[in-house]
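Notes to accompany the following structure.
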Amino acid sequence: MPSTVASIPRGRMAQILAEVGERARAARFEIAPNPAVGAALVAADGSILAEGRHLVYGGPHAEIEALRAYRATGRPMADVHTLAITLEPCSTTGKTPACTDAIIKSGIKRVAIADLDPDPRHRGRALAILGEHGIEVETHPGAAPLSVVSPHFESYTSYERLRRPRPWLIAKWAQTRSGHLSPPEDVGEGRWISSPESLREVQLLRSHVDAIVTGVGTVVADDPRLTVRFPAGLDRPPLRVVLDTELRTPPDARIFRPAERGEAGGPVYILCRAGANGVRHRELLAAGARVHPLRPGADGRVHLRESLEWMWRFGVRRALLETGPTLLSSYFEAGFVDQVRIYTGNVNGGRGDSLATLLAGTKLLERSDREVGPDAVLEAFVGRSSR
């Protein structure tokens, strides 16, 4: 039965969708590979009653945030004419429950959607589900196109990515003003480039990925913990994955030590080539590692695509690459890096390697430059690769 309630003019609804879509884009680097999505509860006169955005990977989606914001006002749901969403709501359970379920339970009678899910497995499914429950659905093509609001999600749902799925990979590193990855020996104990403010921000980033990936060279040289600490939440620490072709990881490395107060560390997985050092294999198992042999690539090292596909099978959808220049360059050259976050510290000079040449040859999309304390931060998506 058609509605007897007058519709909001399409021009006004398109304006609302465009506005919330633009505001949703601000969180694109925090939520990728998920899409940046905005939602608004709209009154019959076209005014916005409440708004929500998907703000952090693994967190509530835009529709849930909008409903939560509206309920906080104390107003009855009957005052809501339409729920406006920039992208077709999710209809399956992932890290969060299906948004279609929440919409149905809310009692909302009308939904306006700007763009459909680009994933062919889900495209149009939410519209059908909502329609089956008597909810009117109208579409506004072009009002907040995914190609503008969240183009990275188009890459993530491309045919090649769906055919051979792999985690979204974020490359993070700190460098001096001259591009060196190690500071002068008399700065930061010869090790630290980033400010305390940046280090705290990195903890938050770590807490919003499924895995932290490093190489054995970094483990041997820096002996990192790869844990999450304050101000990050400690309830879901990411897996710690070490690529170690010949099992050179020391059994007494700090990565195996129990978490201290105020920190948390996920299980340690070591990926090696089949047939690597049997004695060290047993020693690492005794230290608490979980060792998984993979076939080597043409260079004899752990095959990078195999490592990513292994992580995908273990539920990793968003991974953080924290390693030295050799492994970083390998992932870039293979076309597997999707996103970068680069901290340039308030430090002149430095020692060792630089990634300046690699970065200069990398296509950066939707680049954002900001400051954290005295440091400059560059964030961007990496140009799409067919590999």
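Once you have the Kirkwood Rh of region 69-173 from its Cα pairs, apply Stokes-Einstein at 10 °C and 1.306 mPa s and quote D in µm²/s. For the chosen part, D equals 103 µm²/s. Only Lys, Arg, Asp and Glu carry charge here, each on its Cβ (+1 for the first two, -1 for the last two); on that basis the chain has a dipole of about 800 debye about its Cα centre.
For region 181-287, what percent of Cα pairs sit more than 22 Å apart? Write out the running numbers ahead of the final one.
Values: 2110 of 5671 pairs.
Tail fraction, whole percent: 37.
Of the solvent-accessible surface of the chain, computed with a 1.4 Å probe and all protein chains present, 51% belongs to carbon and sulfur.
Note that the chain presents 45 Å² accessible area per residue, ligands and nucleic acids not counted, probe 1.4 Å.
Restricting to Cα atoms and excluding each atom paired with itself, what does the Kirkwood estimate give for region 96-153 in Å? Mind dumping the intermediate values first?
On the way: mean 1/r = 0.0812 Å⁻¹.
Computed over Cα pairs of region 96-153, the Kirkwood hydrodynamic radius comes out at 12.3 Å.
Rounded to the nearest 20 debye, the dipole magnitude of region 240-355 is 280 debye, with +1 charges on Lys and Arg beta carbons, -1 on Asp and Glu beta carbons, and the Cα centre as origin.
How far, in nm, would the chain grow between residue 72 and residue 200 when pulled straight, counting 0.36 nm per residue and subtracting the alpha carbon separation?
Working: separation 128, 0.36 × 128 = 46.08 nm, distance 3.06 nm.
Contour length minus Cα-Cα distance gives 43.0 nm.
Per residue of the chain, the DSSP helices (runs of n ≥ 4 H) give a summed -39500 (n - 2.57) that works out to -8000 deg cm²/dmol at 222 nm.
Above 29 Å lies some portion of the pair distances; for region 243-387, what is it as a whole percent of all C-alpha pairs?
Numbers: 3083 of 10440 pairs.
Roughly 30 percent, once rounded to a whole number.
Residues considered: 61, 133, 152. Largest GNM mean-square fluctuation over the chain, using C-alpha springs under 10 Å, is found at 133.
Working note: Cα atoms of the chain, range along each principal axis, descending, whole Å: 75, 44, 42. Volume of the convex hull of region 1-127 (Cα atoms only), normalised per residue: 109 Å³.
The values are calculated or read from the model by the stated rules, or taken from the named source; none is laboratory data. Just so it is clear, the model here is predicted, and its values are computed rather than measured. Don't worry about glycine lacking a Cβ; one is built from the backbone with ideal geometry, like all the others, and counts go over all protein chains shown. Accessible surface is based on the protein model in full, side chains and every heavy atom, while ligands, DNA and RNA are left aside. Shrake-Rupley method; radii C 1.70, N 1.55, O 1.52, S 1.80 Å.
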